[in-house]
Amino acid sequence: MLKRVSDALKDAGSLVIVNLTPRSTYRNPEIEAVVIKVTSHNNSHIDYRSAQRIFAWIHVSGHYVGPVLSALSTRMERTHSWTVALKGLMLLHGIMSCKSPTVQKIGHLPFDLSRTERSLRKGIKENPKKSSMMQDLVWLENLQGLLDMLLEIKPQREKMMNVLVLEAMDCIVIEIFDIYSRICNGIAAVLVRVYSIGKPKARMAFSILQKAAVQANHLSLYIHFCRDFGVAKASESPKIVHINEHDIRALDQVINRDSGQRKPREDNNIMKTDSLRV
């Protein structure tokens, strides 16, 4: 009880200070106040209305992105509360989902919780429209690495089950399926061209395909865990389509054939890329 009172006083004090701050080129008290409300210390309440105000501002104009990120950075770098930090990350996730051109130019996290630079991997979620096979393969490997990291995020104890943690896990599940869908679609596009490239790139593609099969199994277990924990988005998740082992063996055979071997027929199972889509 004392901690709740103390946390409430911290938020109230921050709001008083912000409201007394004069507006300037670098400070916008209204935006700072809304950011404080969204990232309050209360771990049993999420201020959705204030969050929607921020998203609405960004949708109206990219000029709001800078002041919002500045206010969020200040809030995150000063806090020692996991609740504030988690809410801040969730707010940033919502901001990154706004699809604003200004937001898409953000190359790094605007704050640093680990005291080391943590990149958002600019461009990792968007495959270049004009790219070489090697760029596509590296993009897929980066996505698979990101998916591995996301699958490591799990609440450790049942007592962590509260509205804030469940909401955060909803964001994680949404992001996981977005990344996994991009991986599957990217693999499908690569496989169509893999027979016309050299063996080193084909082996790289084979390694990606093998990892995708393993990640599909890990993803199934992860979603099962999330459903048991009570994560709403896990219950709404699409069916996870596993990559066929026959497709993996077929690609392995292609890699080991003589370079003069004819390109496989288009009706070969491995060419049926629809089976890779989520």
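Quick notes
- Only one of Leu209, Leu251 that is farther than 30 Å from Gln156 by Cα, surrounded by 18 or more Cβ atoms within 10 Å (Cβ to Cβ) and modelled with pLDDT of 75 or more: Leu209
- Out of Ile197, Ile179, sole residue that is modelled with pLDDT under 90 and among the aliphatic types (A, V, I, L, M): Ile197
- Whenever a residue of segment 1-26 is modelled with pLDDT of 85 or more, its partners that are surrounded by 12 or more Cβ atoms within 10 Å (Cβ to Cβ) and not in a helix (DSSP H, G or I), lying with C-beta atoms within less than 7 angstrom and at least six residues away or across chains, give the pairs Lys10/His41; Asp11/Ser40; Asp11/His41.
- The C-beta contact set for segment 34-63 (first residue surrounded by fewer than 19 Cβ atoms within 10 Å (Cβ to Cβ), second residue of a type in the set (A, V, I, L, M, F, W, C) and at pLDDT 95 or above, distance under 7 angstrom, 6+ apart or interchain) comprises Asp47/Val38; Ser50/Val34; Ser50/Val38; Arg53/Val34.
- Test: residue in segment 193-204 that is of a type in the set (Lys, Arg), part of a helix (DSSP H, G or I), assigned by TED's automatic domain parsing to the domain that holds Gln156 and closer than 30 Å to Arg157 by Cβ: no
- Of all residues in segment 83-91, one or more are among the small types (Gly, Ala, Ser), on the phi < 0 side of the Ramachandran plot and touching a Lys or Arg at 6+ places or on another chain (Cβ under 8 Å).
- The residue pairs whose first member lies in segment 228-239 and is at positive phi, whose second member is at pLDDT below 90, and whose beta carbons are closer than 7 Å, counting only pairs six or more residues apart or on different chains, are Gly230/Met161.
- Extreme residue, surrounded by the fewest Cβ atoms within 10 Å (Cβ to Cβ), among residues of segment 212-248 that are part of a helix (DSSP H, G or I) and of a type in the set (Gly, Ala, Ser): Ser235
- Whichever residue in segment 9-47 is assigned to a helix (DSSP H, G or I) and basic (Lys, Arg) and, among such residues, is farthest from the chain's Cα centre (by Cα): Lys10
The values are calculated or read from the model by the stated rules, or taken from the named source; none is laboratory data. Bear in mind the structure is a predicted one, so any value in this text is a computation, not a measurement. A quick note on method: Cβ atoms are made from the backbone with ideal geometry, for glycine too, and the neighbour counts reach across all protein chains shown.
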